[in-house]
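Working notes, structure below.
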Amino acid sequence: MQSGFPLFPEAASTMAGQVDALYVFLVAMSAFFSLLIAASVVYCAVRYRRRSPDEVGGSFHASMVLEVTWTIIPLGIVLFLFFWGARVFFLQVEPPANALELTATGKQWMWRFQHPEGQREINALHVPTGQPIRVEMISEDVLHSLYFPAFRTKMDVVPGRYTTLWFEATKPGTYHLFCAEYCGTQHSGMVGWVEVMTPEDYEHWLAGGAAADKPAAAAGADLFASIGCNTCHVEQGGGRAPSLRGVFGKQVQLTNGQTVVADASYLRRSILEPPADVVAGYQPIMPTYKGQISEENLFKLIAYIKSLGEAGGTPAPAAAPAAAAAPLAAVAPVAPAAGTEGVHP
């Protein structure tokens, strides 16, 4: 960590230099034109001042060259800034394909992080250098905002909706993390630390098992079986709900004729609001699990569904067949109506 009062937080990510360069350029351009305009005002005030009480100003005609010049040059500058800013923005919101996926839950007034290997942390996060990190986030109560100053990245954490951010740390060290959105009386205390480690030290930390739980996918498989999802979401198909194998990230046809992508947001909505997106060929008989499953357990269920591939996956630990990857998470045993084939997850 830096000591004293630095002008900028330490730059410790692959994107930090690009964000700082854009920021410095914006400040420099703003300062340049502010001084230019101020100097022009002072010059004109002195040069064209009224020198005697009976002096009358003369008329003059505007210069077309001057008009075109001070229109074209600012236009070129703002277009240049737009494309530069858009490039930095798209780099910041599109994580690399090889990013390590973590989850974060914001709650008044703490941050809870979960690693795929099962490690859980509160107001602290351990990550390796040289590895892109993608954080999928949601809030359990009010609007929060996860901010890593040293990585130059921030994203709102919204109740009822998943948001993501990513970064790739470049320097081992300990760095601040904050909530950057006023979220209540103890907002200022919703802070923590990011411990950036070498890949070797990170592997040792993972092996230490501090606050370790089952891997997210395995914990999700246990939950999937314990709440009866696999009684309807039969892996081989033919159940009262769609098989979930290989569904994550695929197009899903709905009864209303629309097609949606079975991403994390779709799975979450299907678990909490089953009638919202009913899969074509099934009846809307799945009960809601709203208020019965925490946001952290929803992450685990989605991790399990995501882990199920076309040809294999982690079986749910239960006598009934494990479910595969599809839109809903769980269905209580419900007798299908006459002529029904299944339930939408």
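Which ones in region 128-149 are aliphatic (A, V, I, L, M) and touching a helix residue (DSSP H, G or I) at 6+ places or on another chain (Cβ under 7 Å)?
Here is the first cut: in region 128-149, the ones aliphatic (A, V, I, L, M) are 133, 135, 137-138, 142-143, 146.
Listed by number, the list holds a single entry, Ile138.
Can we say Gly257 is of a type outside the set (Val, Ile, Thr), free of Cβ contacts under 8 Å to residues at least 24 places away in the same chain and not assigned by TED's automatic domain parsing to the domain that holds Phe167? Here the answer is yes, as Gly257 does meet what is asked. A single entry from Asp201, Asp222 fulfils the requirement of being closer than 26 Å to Lys290 by Cβ, under 27 Å from the mean Cα position of the chain (by Cα) and surrounded by fewer than 20 Cβ atoms within 10 Å (Cβ to Cβ): Asp222.
Kindly indicate whether any position in region 57-70 is assigned by TED's automatic domain parsing to the domain that holds Pro199, surrounded by fewer than 18 Cβ atoms within 10 Å (Cβ to Cβ), among the aromatic types (Phe, Trp, Tyr) and within 23 Å of the chain's Cα centre (by Cα). Checking region 57-70: not a single residue is assigned by TED's automatic domain parsing to the domain that holds Pro199, surrounded by fewer than 18 Cβ atoms within 10 Å (Cβ to Cβ), among the aromatic types (Phe, Trp, Tyr) and within 23 Å of the chain's Cα centre (by Cα).
Residues checked against (1) within 30 Å of Lys171 (Cβ to Cβ); (2) in contact with a helix residue (DSSP H, G or I) (Cβ under 6 Å, 6 or more places away or on another chain):
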{"position": "Pro6", "(1), (2)": "yes, no"}
{"position": "Glu10", "(1), (2)": "yes, yes"}
{"position": "Val42", "(1), (2)": "no, no"}
{"position": "Tyr48", "(1), (2)": "no, no"}
{"position": "His61", "(1), (2)": "no, no"}
{"position": "Ile72", "(1), (2)": "no, no"}
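Search region 90-113 for residues being within 19 Å of Ala264 (Cβ to Cβ) and touching a helix residue (DSSP H, G or I) at 6+ places or on another chain (Cβ under 6 Å), and hand back the single one that is surrounded by the fewest Cβ atoms within 10 Å (Cβ to Cβ). Ranking the qualifying residues of region 90-113, first place goes to Thr105.
Yes/no matrix, rows are residues, columns are (1) assigned to a helix (DSSP H, G or I); (2) over 38 Å from the mean Cα position of the chain (by Cα):
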site	(1), (2)
Ala11	no, no
Phe25	yes, no
Ala28	yes, no
Ala45	yes, yes
Phe83	yes, no
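Is it the case that region 75-90 has a residue that's β-branched (Val, Ile, Thr), under 30 Å from Gly173 (Cβ atoms) and in contact (Cβ under 8 Å) with a residue 40 or more places away in the chain? Even if it seems obvious, please write down each step before you answer.
Here is the first cut: in region 75-90, the ones β-branched (Val, Ile, Thr) are 77-78, 88.
If we keep only those that are under 30 Å from Gly173 (Cβ atoms) as well, we get 88.
Cutting the leftovers down to in contact (Cβ under 8 Å) with a residue 40 or more places away in the chain gives us 88.
So far as region 75-90 goes, yes, one or more of its residues are β-branched (Val, Ile, Thr), under 30 Å from Gly173 (Cβ atoms) and in contact (Cβ under 8 Å) with a residue 40 or more places away in the chain.
Taking only region 225-261 into account, find how many residues are of a type in the set (S, T, N, Q) and under 22 Å from Ile293 (Cβ atoms). Within region 225-261, residues that are of a type in the set (S, T, N, Q) and under 22 Å from Ile293 (Cβ atoms) number 4. Within region 122-146, being part of a strand (DSSP E or B) and over 26 Å from Val19 (Cβ atoms) holds for one residue alone: Ile122.
In region 242-254 there is at least one residue matching the filter, namely being more than 17 Å from Ile271 (Cα to Cα), under 25 Å from the mean Cα position of the chain (by Cα) and touching a residue at least 12 places away in the same chain (Cβ under 8 Å).
Restricting the first member to region 8-29 and to residues that are without any contact (Cβ under 8 Å) to a residue 24 or more places away in the chain, and the second to residues that are surrounded by 13 or more Cβ atoms within 10 Å (Cβ to Cβ) and not in a helix (DSSP H, G or I), the beta-carbon pairs closer than 9 Å and six or more apart or on different chains are Gly17/Ala11; Gly17/Arg152; Tyr23/Phe8; Tyr23/Arg152. Scanning region 252-294 for residues that are assigned to a loop (DSSP other than H, G, I, E, B) and of a type in the set (S, T, N, Q) gives Thr255, Asn256, Gln258, Thr288, Gln292, Ser294. Would you check if there is a residue in region 170-190 being over 20 Å from the mean Cα position of the chain (by Cα), free of Cβ contacts under 8 Å to residues at least 12 places away in the same chain and not in a strand (DSSP E or B)? Checked against the condition, which is being over 20 Å from the mean Cα position of the chain (by Cα), free of Cβ contacts under 8 Å to residues at least 12 places away in the same chain and not in a strand (DSSP E or B), region 170-190 yields at least one hit. Within region 116-126, how many residues turn out to be farther than 14 Å from His204 by Cβ and buried (at least 19 other Cβ atoms within 10 Å of the Cβ)? Selection size over region 116-126: 2.
Considering the conditions (1) more than 24 Å from Arg112 (Cα to Cα); (2) aliphatic (A, V, I, L, M); (3) part of a helix (DSSP H, G or I), Ala207 is excluded by exactly one of them, (1).
The values are calculated or read from the model by the stated rules, or taken from the named source; none is laboratory data. In this text, all values refer to a predicted model and were calculated from it rather than measured experimentally. A quick note on method: Cβ atoms are made from the backbone with ideal geometry, for glycine too, and the neighbour counts reach across all protein chains shown.
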